[in-house]
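**Student:** Here it is, the structure in full.
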Ligand SMILES: [Zn+2]
Ligand SMILES: [Zn+2]
């Protein structure tokens with residue numbers, strides 16, 4: 001009796017995505033109901049080794065975009081394809097259920113980072129910084145929560161103050177890749193150079209859409225002396241979906 005009450009208290013009572021009440025313990029770590037679990041897609045392999053987009057085969061692994069213009073980060077990897085349940089989940093994480101969802105999502109990030117070799121030799125974990133007014137408004141930053149869980153799972157130090165967002169993100173979410181790259185240029189700055197100089201840095205984000213933010217942050221970190229920058233995110237949008 002006491003045990004069942006305890007177990008009940010520890011279990012998520014509703015699906016982490018659609019909030020349907022759950023009658024039994026969900027089988028996945030995020031706490032999804034069976035239909036949401038079906039609607040969520042892991043990033044399928046193989047992927048381009050640089051940008052992490054599903055692409056290619058053993059003979060030609062690097063996508064044309066990365067072959068033509070290699071990104072400033074070494075590897076970018078994500079857990080889910082952005083869309084369907086993954087989109088709902090990320091939106092719930094960003095706008096409401098951040099604390100409840102940061103643990104399962106951060107744990108998944110740590111697992112993917114380990115599997116993809118992003119933890120080997122890594123010196124410090126750095127979350128993508130939120131625009132200050134937003135962080136104050138919400139009193140937390142979703143990437144920082146994810147980074148904290150990942151750091152705990154991997155025993156890596158986290159520095160949430162290494163980077164700063166120095167310009168507001170653009171309100172227009174429908175801009176094309178080129179316009180987006182222009183919009184994030186100059187949006188980030190290294191606040192604590194000593195935290196990243198000579199270091200191998202793992203950047204944590206919630207969603208990667210065009211990759212413009214990841215590329216801009218990696219370039220800023222490299223300019224400050226980071227010797228290697230990898231990026232891990234919860235969800236990755238297909239390039240033609242944005
Ligand atoms: Zn559901
Ligand atoms: Zn690529």
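**Student:** Residue 105 passes all but one of (1) surrounded by fewer than 20 Cβ atoms within 10 Å (Cβ to Cβ); (2) touching a strand residue (DSSP E or B) at 6+ places or on another chain (Cβ under 9 Å); (3) part of a helix (DSSP H, G or I); which number fails?
**Tutor:** So the condition that residue 105 fails would be (1).
**Student:** Could you list all residues from segment 153-179 that are in a loop (DSSP other than H, G, I, E, B) and modelled with pLDDT under 75? Give the derivation first.
**Tutor:** Narrowing segment 153-179 to residues in a loop (DSSP other than H, G, I, E, B): 155-157, 159-162, 166-176.
Listed by number, the residues that qualify are 169, 170, 171, 172, 173, 174, 175, 176.
**Student:** Separate question: Residues in segment 212-237 that are assigned to a loop (DSSP other than H, G, I, E, B) and under 20 Å from residue 105 (Cβ atoms): how many?
**Tutor:** Count: 1.
**Student:** Further question on the same structure: What number of residues within segment 48-74 satisfy the criterion of being more than 8 Å from ligand 2 (Cβ to nearest atom), assigned to a loop (DSSP other than H, G, I, E, B) and out of contact with any helix residue (DSSP H, G or I) (no Cβ under 7 Å at 6 or more places or on another chain)?
**Tutor:** 9
**Student:** For the structure I just gave you, tell me whether residue 90 is away from ligand 1 (no atom under 15 Å from the Cβ) and crowded, with 18+ Cβ neighbours inside 10 Å. Please lay out each step first, then the result.
**Tutor:** Working: away from ligand 1 (no atom under 15 Å from the Cβ): no; crowded, with 18+ Cβ neighbours inside 10 Å: yes.
Judged against the criteria, residue 90 is not a match.
The values are calculated or read from the model by the stated rules, or taken from the named source; none is laboratory data. Keep in mind that this is a model prediction, so the values were computed, not measured. Every residue, glycine as well, gets a Cβ built from its backbone with ideal geometry; the counts of neighbours run over all protein chains shown.
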